[in-house]
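Written below as structure tokens is the structure these notes are about.
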Amino acid sequence: MKRVLALLALLALPALAQKVPSPSDFLNMQVGADRTLADYKQIRSYFRALDAASPRVEVEVMGKTVLGEEMIMAVISSEENIRNKERIKEQSRKLADPRGLTDAEAEAIIRDGKTIVLVTCNIHASEIASSQMAMEWAHDLAVANDPETKRRLDNVVLLLVPSLNPDGETMITDYYRKYVGTKYEGGRLPWIYHHYVGHDNNRDFFMLTQPETRNLNRIAYHEWNPQLFVDEHQMGSDGPRMFIPPFADPVDTDVHPLIWREVNIVGANMAHRLEQAGKAGLIYGYSFDAYWIGGTRNTGWWKNVTGLLLETASARIATPANIEPSELHGGAKGLIEYKATINHPNPWKGGVWRMRDIMDYERIASDSLLETAMIYRADFLRNLVTRARAAIASAKPGEAYRIPKQQRDWPTAQHLAWLMAEHNVEVRQADNGDYWIPLAQPYGKFVTEMMEPQRYPEVRLQAGKEILRPYDVATWTLPLMMGVEVERTTMPRIQTKVVTDIKPETKEVIRRGQALPKMPRVATYKPWSASIDEGWTRWLLDTYGVPVKSVTPQDVQKGPLPYDAIILADINKEILKTGSPRRSESQIRYEEEMPPEYRGGLEKAGSEALKKFVSDGGTLIAFDDSCEYVIEEFALPVRNALSGVKAEDYANPGSLVRLKIRADHPVTKGMPSEVGAFLDSAMAFETTSPATDMQRWVLATYPEDERDVLLSGWINGADRLTRKAAAVALTYGKGKIVLFGFRPQNRGQTHATFPMVFNALWWSVAP
Ligand SMILES: [Zn+2]
């Protein structure tokens with residue numbers, strides 16, 4: 001059908017442009033206008049129409065989302081390139097993995113190869129402008145007849161993903177349309193904009209826990225091997241208008257420096273074209289660093305792909321924001337005060353800011369991307385080969401990681417091997433079952449980055465001043481997080497074969513042979529603050545087949561609570577109590593009003609209901625911040641020794657710490673005597689002797705010597721943790737309480753501590 005249409009279009013060439021509908025005409029709405037949004041289904045239907053009408057556009061299905069929506073990507077290029085799609089893919093694959101490729105063969109591919117550019121939009125569903133812009137951009141590329149655009153399309157293949165989060169986009173457009181015209185118009189969603197992980201969908205690109213992440217990973221690293229990857233985001237409304245790389249410090253020195261040189265070329269041209277168009281407020285070297293690995297395009301840095309992030313200031317979804325000049329401020333790394341600096345030479349002066357402005361900025365940057373990808377086509381292809389060869393050459397002869405079959409938790413070890421293969425890392429298996437990952441391969445740097453402990457590079461901008469803080473967490477060491485034994489060694493001369501279809505036996509790991517009297521009835525508490533950690537908790541239980549329900553503040557207050565266990569995920573104490581965070585005098589600012597049905601916290605009634613639930617025999621399980629609420633409301637003989645600690649005395653953006661585990665308790669059953677746990681808050685317990693009708697057990701403690709605390713990441717003030725408790729279990733009336741003073745299920749990554757969560761659930765139904 002497609003081929004017939006393409007043929008017809010060829011015959012009727014002069015009329016072609018008229019036959020390709022614009023998004024506004026096709027959807028019968030003014031795309032980009034105030035208070036107007038195309039939703040995901042409309043966007044997808046438009047791209048399907050473009051595919052049918054234009055030989056330059058081909059829509060590919062990427063896979064399904066968590067909620068079963070179809071994810072699409074448009075391949076956009078010249079008609080000839082679209083026809084030669086498979087050959088172009090094959091050429092790019094050879095450049096990305098040049099093992100066995102001679103210089104002459106590489107040069108031949110570089111001579112007629114195309115730059116492959118991946119652009120992803122709308123991963124954060126409320127950052128919605130890029131998904132609207134994508135339709136207009138695709139349309140204009142489909143109909144353009146000017147020589148410059150045609151030259152770009154001849155040299156570049158654009159892979160355009162209009163939304164990396166279709167489910168979230170549907171949630172956002174539904175909610176926006178429901179409240180448009182009311183005083184709640186443009187307000188935040190009272191739940192997370194992804195079924196499980198909300199904003200953390202952009203923290204998942206090394207762990208690949210979500211189908212959307214895996215779909216993109218397949219497109220990028222198995223199928224297309226793009227040289228450039230640009231992810232389009234939005235940021236706050238009251239600072240610079242648009243962040244375009246160069247990135248801020250620190251930099252990971254294992255990433256090939258040509259990555260940063262290419263990032264800077266692409267970014268500089270974007271800013272240049274925007275400035276020419278009279279667009280103010282562009283900034284580089286701001287906030288977003290060149291070190292953290294978890295985001296869409298970041299993971300690619302260690303896979304030799306040049307990844308850029310764009311962040312444009314937000315409106316209130318599709319509602320204009322009116323910003324007074326005095327409301328504009330700096331306050332982030334790279335712009336302390338809001339004024340002209342070399343990385344921000346033309347500050348925006350304030351005024352009305354609309355979704356259309358965001359789309360215009362994004363469009364100029366996106367067009368500039370194609371221009372640069374065309375101009376530097378041969379360089380970008382050649383540099384990819386250079387980077388891949390450098391990664392291969394950096395390994396010592398025979399250097400490899402071994403994942404031995406003989407280990408405590410083989411199913412989780414299999415999961416790690418599966419994950420590496422899913423990343424298109426070459427994983428081999430020996431006859432005895434051991435997995436081997438040779439380092440002399442194009443993604444060798446990525447393997448090392450995921451296997452070794454992180455030591456955060458401390459960078460100061462002025463002598464004696466504070467170091468630059470990490471953008472996100474400071475650790476991603478998989479063997480420690482997953483509790484898997486891995487050895488870096490030299491590969492012996494043994495027979496191994498490449499394995500690509502590893503099927504881990506992960507579901508069985510959770511019960512560890514424990515016979516349960518019954519499956520516990522489990523609920524997680526879902527505040528109206530949109531708790532991402534609550535989502536991850538549901539993900540964990542759903543993934544391992546433990547049925548779970550979410551309960552709202554109103555559900556808890558109203559009762560009944562027919563559950564064996566209730567989990568309070570990592571939620572701020574004030575949000576648990578009242579629904580909104582408490583701010584100090586200096587932080588007081590406007591708190592947006594939510595619709596009445598989405599207001600409030602547990603309040604007094606909810607607290608009483610939880611106490612009755614536990615007194616009557618239920619089990620309450622608290623993660624991280626929620627422990628403070630439980631300690632206070634239940635008057636437990638436990639205190640957080642780090643409560644109120646000053647930032648200069650203790651700081652930890654997210655690191656792996658060593659815990660010593662007590663052996664003889666149901667919650668620690670099957671755990672090793674030491675484990676790496678993920679900690680990102682100021683929390684460490686001191687317990688005291690309880691009254692005679694209460695029992696308490698310290699389940700996990702920090703080491704005595706501060707040098708033993710940190711396993712991977714960065715902590716300032718680790719001495720504050722020594723000898724403190726990290727997890728405590730107590731009885732309370734007929735029920736039980738378990739306090740985890742860390743994140744036992746952090747972002748679906750911490751397999752090493754998942755069993756403690758399940759054990760706590762099993763304990764709730766123990767006789
Ligand atoms: Zn974002």
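If the condition is being within 30 Å of GLY579 (Cα to Cα) and either within 16 Å of the ligand (Cβ to nearest atom) or surrounded by fewer than 21 Cβ atoms within 10 Å (Cβ to Cβ) (or both), then segment 196-206 contributes VAL197, GLY198, HIS199, ASP200, ASN201, ASN202, ARG203, ASP204. Among residues of segment 223-238 that are within 13 Å of the ligand (Cβ to nearest atom), those with a beta-carbon under 6 Å from a residue that is modelled with pLDDT under 95 at least six positions away or on a different chain give the pairs ASP231/THR296; ASP231/ARG297. I'm checking my understanding of the structure. Among residues of segment 96-106 that are assigned to a helix (DSSP H, G or I) and without any contact (Cβ under 8 Å) to a residue 24 or more places away in the chain, which one is surrounded by the most Cβ atoms within 10 Å (Cβ to Cβ)? Checking each candidate, the answer is GLU105. Per the listing PRO672, PRO690, the residue uniquely in a loop (DSSP other than H, G, I, E, B), over 23 Å from VAL484 (Cα atoms) and either of a type in the set (Lys, Arg) or touching a residue at least 12 places away in the same chain (Cβ under 8 Å) (or both) is PRO690.
Taking the listed residues THR182, THR213, THR209, the one that is modelled with pLDDT of 95 or more, within 16 Å of the ligand (Cβ to nearest atom) and surrounded by fewer than 24 Cβ atoms within 10 Å (Cβ to Cβ) is THR213, with no other qualifying. Those residues that are out of contact with any strand residue (DSSP E or B) (no Cβ under 8 Å at 6 or more places or on another chain), of a type in the set (A, V, I, L, M) and modelled with pLDDT of 95 or more, I need them from segment 452-488; list them, please. LEU478, MET482, listed by residue number. Of THR372, THR341, all but one fail to be of a type in the set (Val, Ile, Thr), without any contact (Cβ under 8 Å) to a residue 24 or more places away in the chain and within 21 Å of PHE247 (Cβ to Cβ); the exception is THR341.
Do we have any residue at all in segment 644-667 that's acidic (Asp, Glu) and within 26 Å of MET451 (Cα to Cα)? Within segment 644-667, not a single residue is acidic (Asp, Glu) and within 26 Å of MET451 (Cα to Cα).
When segment 239-263 is limited to residues that are within 30 Å of GLU86 (Cα to Cα) and not hydrophobic (A, V, I, L, M, F, W, C), the one that is nearest to the ligand (Cβ to nearest atom) turns out to be GLU262.
The residues in segment 250-289 that are under 19 Å from the mean Cα position of the chain (by Cα) and within 18 Å of ILE342 (Cβ to Cβ) can be counted, and the count is 2. Within segment 181-205, the set of residues being touching a Pro at 6+ places or on another chain (Cβ under 6 Å) and among the β-branched types (Val, Ile, Thr) is empty. Across segment 354-379, the number of residues qualifying as touching a Phe, Trp or Tyr at 6+ places or on another chain (Cβ under 7 Å) and of a type in the set (S, T, N, Q) comes to 1. If I filter segment 216-247 down to residues being among the charged types (D, E, K, R) and surrounded by fewer than 23 Cβ atoms within 10 Å (Cβ to Cβ), which single residue comes out as nearest to PRO325 (Cα to Cα)? Among residues in segment 216-247 that are among the charged types (D, E, K, R) and surrounded by fewer than 23 Cβ atoms within 10 Å (Cβ to Cβ), the one nearest to PRO325 (Cα to Cα) is ASP238.
Just to be sure before I move on: is THR296 in a loop (DSSP other than H, G, I, E, B) and either within 15 Å of the ligand (Cβ to nearest atom) or under 30 Å from GLU466 (Cβ atoms) (or both) in the structure I sent? So THR296 fits the description; yes.
The values are calculated or read from the model by the stated rules, or taken from the named source; none is laboratory data. Worth saying up front: this structure is predicted, and the values here are computed from it rather than measured. Counting neighbours? That spans all protein chains shown, and the Cβs are built from the backbone with ideal geometry, glycine included.
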